[in-house]
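In what follows, a single structure is set out as structure tokens and then discussed.
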Amino acid sequence: MSDIEKVKKLREATGAGFKDCNLAIKESAGDLDKAVEILRVKGISKASKKMSRDAKEGVVAISGDEMKTSIIEVNCETDFVAKNNDFINFVKELSDLNNDKDSNLDELKKSKMKNGNTVEDNLVALIAKIGEKITIGKTKTISNSTSKNYQYLHTVVKDNLAKLAVVVSLETKENSDIVKTFGKQLSMHIAASNPLALESNLIDKAIIDKEQELVTEELKNSGKPEEIAKKISSGKMNKFKEENALLTQAWVMEPKKKVQDVLKELSISDLKIKEFSRIKIGE
């Protein structure tokens, strides 16, 4: 086999550029296996040099069905790469694997992709080929045998890939169009309103503490008497919790009502919002 044929075969096997493959063939004295290893090591080197850069673009992908649904975020540096076919194909396959692995990131990275290489190795190769930092970001799987999942994609890039994705799980024995419509509308509401938790008492304590710190600092400089400042502080914190808990948020379709009011008006006694996940690129 000539060197040109070896370069061609190496390119097909690794997806690396002609120049890199040609150099690897020469460096390995024509040994294809060694050439593959040389490219892999060079890819790791290139990838490590890019890790200090910011990767605030990318896509969020959804995979699964109404019983088990997963979201995964994959970041890159530019929107141009987020629309690159190699990047998109990698994310699509990664998203399906993520659903199989229940969003266990450690297991996911060790999983084999269709080409026989691990996710981690394919990620390194993709970084080397595209020339940008690419990272796997937030991920979540929602699975419950007694509930159904509803999803919403906002600013779709392609198929099941978008800039923002939402999955919300509803539990009920009823399988009516009313439930399906509410599930779809609720997922759109979550996309728009970005709740921090289902109920106010479930909001992360660190977030509450930070907000309390900001409110306290604001009132400290207001010159108001201590007792009045305490009442204002309490009011502000109650409002913050109400506006950031899903059940007490103003319903985007009809802002005079809260989500819990709309849920009650459906008159489906066993209908409950079990959990939700919202992931947006850049947040």
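Can you tell me which residues in segment 151-160 are touching a residue at least 24 places away in the same chain (Cβ under 8 Å) and surrounded by fewer than 19 Cβ atoms within 10 Å (Cβ to Cβ)? Lay out the reasoning, then the answer.
We begin by selecting, within segment 151-160, every residue touching a residue at least 24 places away in the same chain (Cβ under 8 Å); these are 151-154, 157-160.
Result: 154, 158, 159.
Go through (1) basic (Lys, Arg); (2) surrounded by 14 or more Cβ atoms within 10 Å (Cβ to Cβ); (3) farther than 14 Å from residue 140 by Cα one by one and return the number of the condition residue 112 breaks.
With respect to (1) basic (Lys, Arg); (2) surrounded by 14 or more Cβ atoms within 10 Å (Cβ to Cβ); (3) farther than 14 Å from residue 140 by Cα, residue 112 is out only on (2).
Going by what's in this entry, would residue 140 be described as touching a residue at least 60 places away in the same chain (Cβ under 8 Å), more than 22 Å from residue 263 (Cα to Cα) and part of a strand (DSSP E or B)?
It is true that residue 140 is touching a residue at least 60 places away in the same chain (Cβ under 8 Å), more than 22 Å from residue 263 (Cα to Cα) and part of a strand (DSSP E or B).
Does segment 135-150 hold any residues that are of a type outside the set (S, T, N, Q) and surrounded by 19 or more Cβ atoms within 10 Å (Cβ to Cβ), and which are they? Walk me through how you get there before you give the answer.
Of all residues in segment 135-150, those of a type outside the set (S, T, N, Q) come to 136-138, 140, 142, 148, 150.
Listed by number, the residues that qualify are 136, 140, 142, 148, 150.
Name, by its number, the condition in (1) assigned to a helix (DSSP H, G or I); (2) surrounded by 15 or more Cβ atoms within 10 Å (Cβ to Cβ); (3) under 20 Å from the mean Cα position of the chain (by Cα) that does not hold for residue 163.
(1)
Can you find, within segment 76-109, the residue that is surrounded by the fewest Cβ atoms within 10 Å (Cβ to Cβ) among those that are touching a residue at least 40 places away in the same chain (Cβ under 8 Å) and basic (Lys, Arg)?
83
Quick check, is residue 128 buried (at least 21 other Cβ atoms within 10 Å of the Cβ) and closer than 18 Å to residue 283 by Cβ?
Numbers: buried (at least 21 other Cβ atoms within 10 Å of the Cβ): yes; closer than 18 Å to residue 283 by Cβ: no.
No; evaluated as a whole, the condition is false for this residue.
Every read-out reported here was derived from the displayed coordinates using simple, explicitly stated rules and does not represent laboratory data. Values in this document were obtained by computation on a predicted structure and should not be read as measured data. Note that each Cβ is placed from the backbone with ideal geometry, even for glycine, and that neighbours are counted across all protein chains shown.
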